[in-house]
Amino acid sequence: MGLQPKGATVRGQILLGKDDIQAMAPRARRRLNGQRVSLISQDALSALNPCTTVGYQIAEVLMVHRGVAKQEAMARAVELLSLTGIPAPSERVNHYPHQFSGGMRQRALIAIALALEPELLIADEPTTALDATIKAQILTLLASLRERFGMSILLITHDMGAVARLADRVLVMYAGQAMEVGDVASVFARPEHPYTRALLESMPRLDKHGALLEAIPGTPPSPSEVAHGCPFQPRCAFAGDICREQMPPAVERSNGGHVACHFALREMNYA
Amino acid sequence: MLSLVHSNDSIKPRSEIPLLETSDLTKTYSIGGGMFYEPLQLQAVSGVSIRVEKGRTLGIVGESGCGKSTLSRMLAGLTPPTSGSILLDGCDVTGLPNAERKRVLRDVQMVFQSPYSSLNPRMRVAEIVREPLDVHMRSLSKKERDERALSILNRVGISREMARRYPHQLSGGQQQRVGIARALVSEVRLVICDEPVSALDVSVQAQVINLLRELQRSLGVAYIFVSHDLAVVANISDDIAVMYLGKVVEYGRAEDVLQRPRHPYTQALVDSANIPDPVLEKSRKPRILTGEIPRPTDPPSGCRFRTRCWMAQDRCAVEVPALVRRGNSPQAVACHFA
């Protein structure tokens, strides 16, 4: 989204389709946000403007980006609210964010993000602050909107269950580094990075209740004190001398995708 | 209500007198009100009857506003109930004079959700853990109290060196370990854990859950484990009570409640827990509840869940379903159609 604070150094390339968005002028890039890429965040209350109605905040996107007249934009806001499953949308459109419940605010945020029918929706912990039954509603909503608009979703979450439900591919990160990437089914069934495996085994699962969990020792490092070599090495059961010396390069996984580990857990290690 | 839990033999093992038993526990708050309008009555907990056996774990699960935190605060003696009774070893603590109640409730301690804000920032870890002994066990010498504090800290994985630090110098997981040590340092028999792992990083959650289980095995302490996360509750609990808007809707042995949930709300809750198995997750069709949790100040008439229930009939709006065992169900369910 280009929202990093001033002073941050971004290296590398971000391609959206064929366009290098790092190379774009700020104006052009701003036009992109909302139009082709949009973001929904974890804390819906602070993402919404408390002083204007929810409907206006949806309409605003259309008025600014598309130059749609206010009345028409408000009518479209009602449609968008109804699309995201908010009951009585024609009344709700005139309400303020504080009059919405947590789940409805998240829906309103999704309505704003979808106003311009973007190609990519970045969902940053969209369900973390929500109750279990509401979380299930939002995940189902995201899946159905993805079908309907043919858009892609970048789901950022710590919830492996939500990943299993929604995602096709998964990237596992630790302390700013990519640990493993690949097709969800194969990464979950045969994790090759010790961190991925440990993460999956440390999660309490409803289908295996009562089993003692495989906890990962230690705590995640703060961004300023990441260990030398592989960042996961101080907590890793498989770590050797080489892990303390150099960051492992990404190598190909046996079932496609990549893994960054000197001792990647190959098929044979599972025997 | 009172007779109901006594007749409910789904909770085992049965000893003559359970460690803790509540009957028809209710908490009503008055909010707002003024010269021109009546205050709103908010029934946060409504007629809850549960029992906890020695050395076992009762999990209480529910979403926001279901009253699980109010319930745990009442059980720890931090909030007086509006009506109903809390029996500790068969003795009603709600009627006791303050000094007496304080002595009895020494056996019940609490672990809080936010590890940092529940620890005094101006005390060192060792002092925080020693404090309950300073209050309750004055007969011990200071040296003995210090030794006990350090020994329980050692058991929860906090070294002597770390015990000299202040809470802000510890990580979230370590802070929660200190909270657990403080709860266990006196001769405690029941620890009420109110969302003890929800503020922790996923990779640290498992450490704390395993620690609690291990301490239960070695110390024989009982837990009431309160959480919104069904998978976490499932992992640690022997029995589970599912709450919705202040009422228990399903109550029984963990495996019965999880494997064959009878109440539609429990069914939806079980369905809404995502399992980290992509093949399974993408093939199953979870039951998704419509609508949201109604305001607790204005709960629906009859069954409180009926506004979101796919089975609701006219009867549900009129008649409050009692929490009883129905048909061949091993657990108690508060639904006309379970």
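For the stretch B:21-60, run through the chymotrypsin sites (Phe, Trp or Tyr not before Pro) and keep only the ones in DSSP coil with at most 10 other Cβ atoms within 10 Å of their Cβ.
B:Phe36, B:Tyr37
Provide, as a two-decimal number, the C-alpha radius of gyration of the stretch B:174-275 over 2.2 N^0.38 Å, N being how many residues it has.
Compactness ratio reported: 1.12.
Calculate, in nm to one decimal, what A:Ala25 and A:Ser224 gain on full extension: separation in residues at 0.36 nm each, minus their alpha carbon distance.
Working it through step by step, the gained length comes to 68.5 nm.
Any idea how far apart B:Asp298 and B:Lys102 come out in nm if each label point goes 7 Å out from Cα toward Cβ?
For the pair B:Asp298/B:Lys102, the computed spacing is 4.3 nm.
Rg and Dmax of chain B, using alpha carbons, in Å: what are they?
When restricted to Cα atoms, chain B yields Rg and Dmax of 20.9, 67 Å.
5 Å is the cut-off here: which amide hydrogens, built 1.01 Å from N in the peptide plane, fall below it relative to B:Met243, excluding neighbours closer than 5 in sequence?
B:Val61, B:Gly62, B:Val249
Relative to the longest principal axis of the C-alpha atoms of chain A, give the angle of the C-alpha long axis of helix A:26-35, reported between 0 and 90° and rounded to the nearest 10°.
The answer is roughly 80 degrees.
When the convex hull of the Cα atoms of the stretch B:117-203 is projected onto a plane and the area is averaged over all directions, what value comes out in nm²?
Seen from a random direction, the Cα hull of the stretch B:117-203 projects 5.8 nm² on average.
Compute the Kirkwood hydrodynamic radius of chain A, taking the inverse of the mean of 1/r over all pairs of distinct Cα atoms, and give it in Å to one decimal. Could you put the intermediate results ahead of the total?
On the way: mean 1/r = 0.0478 Å⁻¹.
Computed over chain A, the radius equals 20.9 Å.
Taking only the Cα atoms of the stretch A:170-270, how large is their convex hull per residue, in Å³?
107
Restricting things to alpha carbons, find the Rg to Rh ratio for the stretch A:1-71 using the Kirkwood radius for Rh.
With Rh from the inverse mean 1/r over Cα pairs, Rg/Rh is 1.02.
Calculate one ³J(HN,Hα) per residue across the stretch B:109-125 by plugging θ = phi - 60° into the Karplus curve 6.51 cos²θ - 1.76 cosθ + 1.60, and present them in order as whole Hz with x for glycine and proline.
10, 10, 10, 9, 5, 8, x, 6, 6, 8, 10, 5, x, 9, 10, 6, 3
Please compute the length gained on full extension between B:Thr82 and B:Glu187, using 0.36 nm multiplied by the number of residues separating them and subtracting their Cα-Cα distance.
Length gained, B:Thr82 through B:Glu187: 34.9 nm.
Projected area of the stretch B:212-327, taken from the Cα convex hull and averaged over every viewing direction, in nm²?
9.3
On C-alpha positions alone, give me the angle between the axis of helix B:172-184 and the longest principal axis of chain B, in degrees, nearest 10.
80
Given 0.36 nm per residue, what is the gain on full extension from A:Asp207 to A:Phe149 after removing their alpha carbon distance, in nm?
17.5 nm
Just by accessible area at a 1.4 angstrom probe, what is the order of B:Leu190, A:Leu45 from largest to smallest?
Result of the area sort, largest leading: A:Leu45, B:Leu190.
Cα to Cα, under 19 Å, and not fewer than 8 places away if on the same chain: which aspartates and glutamates meet these conditions relative to B:Lys282?
Once the sequence-local aspartates and glutamates are set aside, what remains near B:Lys282 is A:Glu147, A:Asp159, A:Asp168, A:Asp183, A:Asp207, B:Asp271.
Which ³J(HN,Hα) values in Hz, rounded to whole numbers, follow from the phi angles of the stretch A:170-178 under the Karplus curve 6.51 cos²θ - 1.76 cosθ + 1.60, where θ = phi - 60° and Gly and Pro get x?
Per residue, the Karplus-derived 3J(HN,Hα) values read 9, 10, 9, 10, 9, 6, x, 10, 6 Hz.
Sum -39500 (n - 2.57) across every DSSP H segment of at least 4 residues in chain A, then divide by the residue count to get the 222 nm mean residue ellipticity, nearest 500.
-11000 deg cm²/dmol
Taking a 1.4 Å probe, which of B:Asp201, B:Asp314, A:Asp20 shows the most accessible area, and what order do the others take after it?
Descending accessible area places them as B:Asp314, B:Asp201, A:Asp20.
Through the Karplus equation 6.51 cos²θ - 1.76 cosθ + 1.60, θ set to phi - 60°, convert the phi angles of the stretch A:206-223 into ³J(HN,Hα) values in whole Hz; use x for Gly and Pro.
For the stretch A:206-223, the Karplus curve yields 5, 7, 10, 6, x, 6, 5, 7, 8, 6, 8, x, x, 10, x, x, 6, x Hz.
When you look at the Cβ of every residue in B:193-206, what mean number of other chain Cβ atoms sits within 10 Å?
4
List every residue whose amide H lies under 5 Å from the amide H of B:Thr57, counting only residues 5 or more places away in sequence or on a different chain, with H placed 1.01 Å from N in the peptide plane.
B:Tyr223, B:Asp238, B:Asp239
Ignoring everything but the protein chains, give the 1.4 Å probe accessible area of A:His262 in square angstrom, nearest 10.
50
Using square roots of five times the C-alpha gyration tensor eigenvalues, list the equivalent-ellipsoid semi-axes of the stretch A:191-244 in whole Å, biggest first.
Numbers: eigenvalues 125, 31, 14 Å².
For the stretch A:191-244, the semi-axes come out at 25, 12, 8 Å.
Name the lysines eligible as straight-distance cross-link partners of A:Lys18: C-alpha to C-alpha under 28 Å, and not fewer than 8 places from it in the same chain.
In chain and number order, the partners are A:Lys6.
Using bins 5 angstrom wide from zero, how does P(r) for the stretch A:29-162 break down, in % of all Cα pairs?
2, 11, 22, 24, 23, 12, 4, 1, 0
Let me have the 222 nm mean residue ellipticity of chain B computed from DSSP H runs of 4+ only, each contributing -39500 (n - 2.57), with the sum over all residues rounded to the nearest 500.
So the calculated ellipticity at 222 nm is -9500 deg cm²/dmol.
Lysines within cross-link reach of B:Lys102: Cα-Cα under 28 Å, excluding same-chain residues under 8 positions apart?
B:Lys27, B:Lys54, B:Lys68, B:Lys142, B:Lys143, B:Lys247
Mind giving me the nanometre distance, one decimal, between the label points for A:Asn49 and A:Leu120, set 7 Å out from Cα along Cα→Cβ?
Inter-label distance under the simple model: 2.7 nm.
Over all residues in A:210-217, what is the mean tally of Cβ atoms on other chains that come within 10 Å of each residue's Cβ?
6
Roughly what % of Cα-Cα distances in the protein assembly as shown sit above 33 Å, to the whole percent?
More than 33 Å apart: 52 percent of the Cα pairs in the protein assembly as shown.
For B:Lys27, A:Lys70, give me the order by solvent-accessible area with a 1.4 Å probe, most accessible first, ignoring ligands, DNA and RNA. Numbers along the way, then the final one.
Details: B:Lys27 20, A:Lys70 115 Å².
From most exposed to least exposed: A:Lys70, B:Lys27.
To the nearest 10 square angstrom, how much accessible area does A:His193 have with a 1.4 angstrom probe?
0
Taking each residue in B:227-236, count the Cβ atoms of any other chain within 10 Å of its Cβ, then average. What number comes out?
5
I want to check the label-to-label distance for B:Arg165 and B:Arg217. Put each point 7 Å from Cα in the C-beta direction and report it in nm to one decimal.
That separation, rounded to one decimal, is 2.7 nm.
Note down the accessible area of B:Glu214, probe 1.4 Å, to the nearest 10 Å².
Here the accessible area works out near 100 Å².
The values are calculated or read from the model by the stated rules, or taken from the named source; none is laboratory data. Just so it is clear, the model here is predicted, and its values are computed rather than measured. Neighbour counts run over all protein chains shown; Cβ positions are idealised from the backbone, glycine included. When the accessible area is computed, the model is the full protein with side chains, heavy atoms only, and any ligands, DNA or RNA have been set aside. Shrake-Rupley method; radii C 1.70, N 1.55, O 1.52, S 1.80 Å.
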